[in-house]
Each structure stands twice: as structure tokens, then as C-alpha cells.
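S.K.: One structure follows; several queries about it will come next.
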């Protein structure tokens, strides 16, 4: 349980809030590289409560600038990308990728007005199919971490993006809460719950690291699905990782006994205090026989309250009535837990009221993660770098992994 003041401290993401200042000390994904075309239409985005315009100039460089033109505040998302920058549709003012105004064509030729005009602009980089932006102080800019999921070239990758309601923190907490897997995601609930209740209880280990938290979970799994066939129940070992500022990584075998272990990494990027974008990248090495893994391409609509998270209560034997087979993504084509996760996280409210919760011993990792946020907010307020800010890195790949054999993919 947190106090109201503590809850505010780790959920509000605006530029002048304690958490907002912490968040702005890291790089965040803000778009998908292939969806932002060279010289193509600009894209309106909202990140950390700021309304912005994402585009790629006619030289192919990604840029993130203020949503509104400095002249009459109309939207640059309806402007034209040309002449090295983005041109406002209202009076043709032109801005380069640093936000500097370089043309005011309706003004007299000798006008110096443009020299005093500059939009907020944030540096961007492409990596692993995503566009990342740094929205913090320019003198505090760290290196963009070259995580395995983004930078490895000895396998194949895919990515998926979707928006969700609710504050970013409840989505991160939902991800690192591995004990929920046995309940929220159990299939054939009426047939398997007695077996589940008779199995050993979850055994959860965690430790603090330079990047956040490492966790090993041994949890009961009674899922019945053609890909898994666990009707007798198994104790499943999972490795999961919380990565500052709001990232999550899991290491998982593609299917039991397949010999193919894959890495799925997520970034929970705050849109604002009450909405979140999840960027998810899957990386797979080759099959044990050397064949490249081919990621599926089918994609269905996002689960949300408008489509009732695909719920089919009368015909689905899960606790929630949400089936695990209704949703398709390139990462989870046959059995997708995202609708159930999204429901559980969104239904905590726009911002979960943690003054009302009652944590259990299995929630120890959630309490540890919150302490990490408080500690690093304090560091930033004291003028220091927070944890997992990388500088002067020459490494081609930045590894997030432990030392156990099951993690060494």
C-alpha cells in the first residue's frame, strides 16, 4: 500500500513532475521506423504528456518536434515534409529537424523573424525497427542501449505496438507479476482448477541489478492448448526482467521441448498519466537445426473495453471469459494473453489507487520495483544520474541476462 503522495510521485509523467523528470533521462520508443516514411506524411504522437509531431525528413533522418507551429499554433501533423524539414500548412513556415525556423515565406525578404523562432525538438535514432527519442536535458543525454532484441543479427525479429488505457505503472506491474499467469491465463478453468490448487505454490526469486530487477519464477501451469498440452500440469520456470525506466523482458521457450528459446522485450511508454503505448519486440535465434525462425504476420484488432477484450463468457472456460485464442499478433499468433492482461490492467482504473490495495508476499517484486523508482527519482532531484543510464558505450550489443543456463540464448 502506498500513500496518496507516494502514488502521485511514481505515476505522474508531466515534464515538471518527479517521475516525469526521471523518465526524461532515458530514451523511449516513439514510433515504428517503417511507418514513418522518408519525406512522407508527419505523424501526430503524444509521449509523456507532450503533444508532438514525428516525421522523417527528405534525407531520411527521423525528427520529433512540437505539435504546433510557433506562429499561430496550428498542427504541424498536417504540414508537408520537404526542403530539409517540415512546413506548416497555415503560412508555410519551415522548421528543420532541430526545431529551428528556417523560412517564413510570407514575411518580407529582409525579415529576421525566423532567427528568433525555435520549436521544442528531441533527438531521434532508429534501432531495431523502432524510432527512439530522448526528451530530457541535452547535457544529460545517454547512449541508446543496443539491447539484444534490437541489435542482434544472428536471428530474426518482429515487433508489435498497441495503445492501452491506464497509467504506465499498472502495466509494468502486471508484467512483472508472474504469479498471475496460473490464474488469469489458465484455460479450461473448470476442468483444471482442482489440479492447479493441488500443485506446489509459486516460488519467486528476485534480485536488484544495475538495470532494474532480475526474477526467476517457478509457477504451476495447467494450460490446455494444442501447442502445449499441459493437461497434467507442470511447474514452469520463467526468467523475467524489469528494465528501467519502464521496460520488461522475458525469456521463453517457443514450445516445450522445442529447443528454441526466444526473447520478448517490451517498453511501456506513457502517452500521458492515464494512457500507455506498449512497444514489443521479439527476437529469435535459429531453430536447433539451423533453420531461421519465421515470425507470423497475422494481426487482429487491439483488445479494449469497446470490444469487451474479446470476452465470450458463455462459451469460454477461463475465469474472465476472455479466450486466449481470440487475439493474434506477430509475437503470439496462437495463444495470446494480451487481451486478458489489458483487461486486468485497464480495469484497475485510469490511475490505480494504491492506497486501497493489500499486497501479498508474492508481490515482493512489485514493492522492490517501486522502491527503485523512489530511489532514482531522489537521485535525479539531487542532480545525479539515475541507474541504467549508459554513457561511452562501444558495445555492439547490450545484454540483459543472468547466469543460469536457461537464460543464455
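S.K.: Out of 390, 403, report the one residue that is under 30 Å from residue 140 (Cα atoms) and in the same structural domain as residue 284 (by TED's automatic domain parsing).
M.R.: Details: 403 fails: under 30 Å from residue 140 (Cα atoms).
When all the criteria are applied, what remains is 390.
S.K.: Identify, please: which residue in region 96-117 is in a loop (DSSP other than H, G, I, E, B) and in contact with a helix residue (DSSP H, G or I) (Cβ under 7 Å, 6 or more places away or on another chain) and is, among those, farthest from residue 53 (Cα to Cα)?
M.R.: Taking region 96-117 as the starting set, the residues that turn out to be in a loop (DSSP other than H, G, I, E, B) are 97-99, 104-112, 117.
Narrowing further to those that are in contact with a helix residue (DSSP H, G or I) (Cβ under 7 Å, 6 or more places away or on another chain): 104, 107.
Values: 104: 19, 107: 24 Å.
Among residues in region 96-117 that are in a loop (DSSP other than H, G, I, E, B) and in contact with a helix residue (DSSP H, G or I) (Cβ under 7 Å, 6 or more places away or on another chain), the one farthest from residue 53 (Cα to Cα) is 107.
S.K.: Counting just the residues of region 258-285 that are assigned to a loop (DSSP other than H, G, I, E, B) and modelled with pLDDT under 95, which one comes out farthest from residue 337 (Cα to Cα)? Can you show your working first?
M.R.: Step one: of region 258-285, the residues assigned to a loop (DSSP other than H, G, I, E, B) are 258-260, 273-274.
Filter once more, so that each one left must be modelled with pLDDT under 95: 258-260.
Values: 258: 21, 259: 22, 260: 20 Å.
Here the residue is 259.
S.K.: A further question on this structure: Yes or no: residue 226 modelled with pLDDT of 95 or more and part of a loop (DSSP other than H, G, I, E, B)? So that I can check it myself, show each step before the final result.
M.R.: On the way: modelled with pLDDT of 95 or more: no; part of a loop (DSSP other than H, G, I, E, B): yes.
Criteria not met by residue 226.
S.K.: How many of the residues in region 186-206 are touching a residue at least 40 places away in the same chain (Cβ under 8 Å), in a loop (DSSP other than H, G, I, E, B) and in contact with a strand residue (DSSP E or B) (Cβ under 9 Å, 6 or more places away or on another chain)?
M.R.: As a first pass, look at region 186-206 and keep what is touching a residue at least 40 places away in the same chain (Cβ under 8 Å): 186-192, 202, 204, 206.
Keeping just the survivors that are in a loop (DSSP other than H, G, I, E, B) gives 186-188, 202.
Restricting the remaining residues to those that are in contact with a strand residue (DSSP E or B) (Cβ under 9 Å, 6 or more places away or on another chain) gives 186, 202.
The total comes to 2.
S.K.: Using the structure shown, decide if residue 14 is touching a residue at least 60 places away in the same chain (Cβ under 8 Å) and part of a strand (DSSP E or B). Reasoning before the result, please.
M.R.: Working: touching a residue at least 60 places away in the same chain (Cβ under 8 Å): yes; part of a strand (DSSP E or B): no.
Spelling it out, it is not the case that residue 14 is touching a residue at least 60 places away in the same chain (Cβ under 8 Å) and part of a strand (DSSP E or B).
S.K.: For residues in region 118-166 being out of contact with any strand residue (DSSP E or B) (no Cβ under 7 Å at 6 or more places or on another chain) and in a loop (DSSP other than H, G, I, E, B), which is surrounded by the fewest Cβ atoms within 10 Å (Cβ to Cβ)?
M.R.: Filtering first and then ranking leaves 153.
S.K.: Go through region 49-64 and report how many residues are more than 17 Å from residue 35 (Cα to Cα) and in a strand (DSSP E or B).
M.R.: First, pick out the residues of region 49-64 that are more than 17 Å from residue 35 (Cα to Cα): 49-51.
With in a strand (DSSP E or B) added as a condition, the list becomes 50-51.
The qualifying residues number 2.
S.K.: Related question: Is at least one residue of region 107-114 surrounded by 14 or more Cβ atoms within 10 Å (Cβ to Cβ), modelled with pLDDT of 95 or more and in contact with a strand residue (DSSP E or B) (Cβ under 6 Å, 6 or more places away or on another chain)?
M.R.: no
S.K.: Please find, within region 323-340, the residue that is nearest to residue 223 (Cα to Cα) out of those that are in contact with a strand residue (DSSP E or B) (Cβ under 9 Å, 6 or more places away or on another chain) and in contact (Cβ under 8 Å) with a residue 40 or more places away in the chain.
M.R.: Of the residues in region 323-340, the ones in contact with a strand residue (DSSP E or B) (Cβ under 9 Å, 6 or more places away or on another chain) are 329-332, 338.
Subset that is in contact (Cβ under 8 Å) with a residue 40 or more places away in the chain: 329-331, 338.
Working: 329: 20, 330: 21, 331: 19, 338: 16 Å.
Here the answer is 338.
S.K.: Shifting gears a bit: Please determine, by comparing only the residues of region 56-75 that are touching a strand residue (DSSP E or B) at 6+ places or on another chain (Cβ under 7 Å) and without any contact (Cβ under 8 Å) to a residue 40 or more places away in the chain, which one is surrounded by the fewest Cβ atoms within 10 Å (Cβ to Cβ).
M.R.: Applying the filter and picking the extreme gives 60.
S.K.: Now, a different point. Looking at 249, 238, which is the one that is in contact with a strand residue (DSSP E or B) (Cβ under 7 Å, 6 or more places away or on another chain), more than 21 Å from residue 29 (Cα to Cα) and crowded, with 17+ Cβ neighbours inside 10 Å?
M.R.: Numbers: 249 fails: more than 21 Å from residue 29 (Cα to Cα).
When all the criteria are applied, what remains is 238.
S.K.: Considering region 251-281 alone, what residues qualify as being touching a residue at least 60 places away in the same chain (Cβ under 8 Å) and over 18 Å from residue 131 (Cβ atoms)? It would help to see each step written out before you state the result.
M.R.: Step one: list which residues in region 251-281 are touching a residue at least 60 places away in the same chain (Cβ under 8 Å), which gives 251, 261-281.
Scanning region 251-281 gives 251, 261, 262, 263, 264, 272, 273, 274, 275.
S.K.: OK, next. Starting from region 161-172, take each residue that is not assigned by TED's automatic domain parsing to the domain that holds residue 369 and list its partners that are part of a strand (DSSP E or B), counting only C-beta distances under 8 angstrom and pairs at least six apart or across chains.
M.R.: Matching pairs, first to second residue: none at all.
The values are calculated or read from the model by the stated rules, or taken from the named source; none is laboratory data. Model, not experiment: these values are computed from the prediction. A quick note on method: Cβ atoms are made from the backbone with ideal geometry, for glycine too, and the neighbour counts reach across all protein chains shown.
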